[in-house]
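A quick write-up on the structure given underneath.
Each reported figure results from applying straightforward, stated rules to the coordinates on display, with no laboratory input. Predicted model, so just to flag it, every value in this text is computed and none were measured. Cβ coordinates were reconstructed from backbone atoms using ideal geometry, including for glycine residues, and neighbour counts include every protein chain displayed.
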Amino acid sequence: DQQVKQNSPSLSVQEGRISILNCDYTNSMFDYFLWYKKYPAEGPTFLISISSIKDKNEDGRFTVFLNKSAKHLSLHIVPSQPGDSAVYFCAASGAGTYKYIFGTGTRLKVLA
Amino acid sequence: EAEVAQSPRYKITEKSQAVAFWCDPISGHATLYWYRQILGQGPELLVQFQDESVVDDSQLPKDRFSAERLKGVDSTLKIQPAELGDSAMYLCASSYVNTGSPLHFGNGTRLTVT
């Protein structure tokens, strides 16, 4: 049972435009969400997080939105840059477990 | 910036052999995780430590996999015997023990079983 889902395996965006990556979850006990970026042959790198008491968090070009009623979160990157080309994972944890469940990832390609 | 250290970076082994991976977390991080990532999938949690204690190993194939963190600092993950299906990236991560503390990953060990 996949508790965290990223239904788009890949996404292509023109440089300078907005990239929107989506993530859905099924467990209503999840209360902390993270986004990671992964380049080939490297470990995932933390990008941004959001707790369930918020519906938006911004850090520079990255913004994460959380819709708890829909059990949906999204990562917005604006403007997109070629260096943003990577695989993006969302992850969720809850109930004080510090156990993080990851989605399957979305491969973003930013075209110059 | 402090990093999670993992070794080796790459490992090729024949099936039925034993392999071991090592991880040194960021200093002060009490929680340590081992994840396995198969190509095209997301990281899957194998085992979670709080200091030297196992918190969750429900997804660890205990007939062949073992993990330890004896002094609550560095950790070793072992596979014996290795099977073809164990070929994957093995990732170690660490974090502080509090909500709002993200995981910090090492660069992983790429295991190929032939």
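Here are the numbers:
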| item | result |
| --- | --- |
| Derived scalar couplings ³J(HN,Hα) [segment B:83-92; Karplus, 6.51 cos²θ - 1.76 cosθ + 1.60; whole Hz; x for Gly, Pro] | 10, 4, x, 7, 4, 4, 9, 9, 10, 10 |
| Per-q log10 I(q)/I(0), chain A, q = 0.11, 0.18 Å⁻¹ (Debye; single scatterer per alpha-carbon; no solvent) | -0.32, -0.84 |
| Charge dipole of the protein assembly as shown about the Cα centre (unit charges at C-beta), most positive-ward option of A:SER74, B:PRO8, A:GLY16 | A:GLY16 |
| Label-point separation in nm, A:ARG61 to B:SER16, each point 7 Å along Cα→Cβ | 5.2 |
| Under 5 Å, built H, 5+ apart or other chain: amide partners of B:THR31 | B:ASP51, B:SER95, B:VAL97 |
| Cα-based reach from B:LYS71 at 24 Å (exclusive), listing lysines while leaving out same-chain residues under 8 positions away | A:LYS99, B:LYS62 |
| Directionally averaged shadow of the protein assembly as shown, computed from the convex hull of its alpha-carbon atoms, nm² | 12.3 |
| Whole-Hz couplings from phi, Karplus 6.51/-1.76/1.60, listed for segment A:30-42; x for Gly and Pro | 5, 9, 8, 10, 9, 10, 10, 10, 9, 8, x, 6, 10 |
| For A:ASP31, residues with placed amide H under 5 Å, excluding near neighbours | A:SER93, A:GLY94, A:ALA95 |
| Two-site FRET efficiency, B:ASP63 against A:SER8, from Cβ-Cβ distance with R₀ of 35 Å, rounded to 0.05 | 0.45 |
| Relative contact order (%) - chain A, alpha-carbon pairs under 8 angstrom, separation at least six | 37 |
| In sequence order, calculated HN-Hα J values of segment B:8-15 (Karplus, 6.51, -1.76, 1.60; Hz; x Gly/Pro) | x, 6, 9, 8, 10, 9, 8, 4 |
| Distance histogram for chain B (every C-alpha pair counted, 10 angstrom bins, percent rounded to whole numbers) | 15, 50, 29, 5, 0 |
| Euclidean distance between Cα centres, segment B:86-110 to segment A:53-112, Å | 17 |
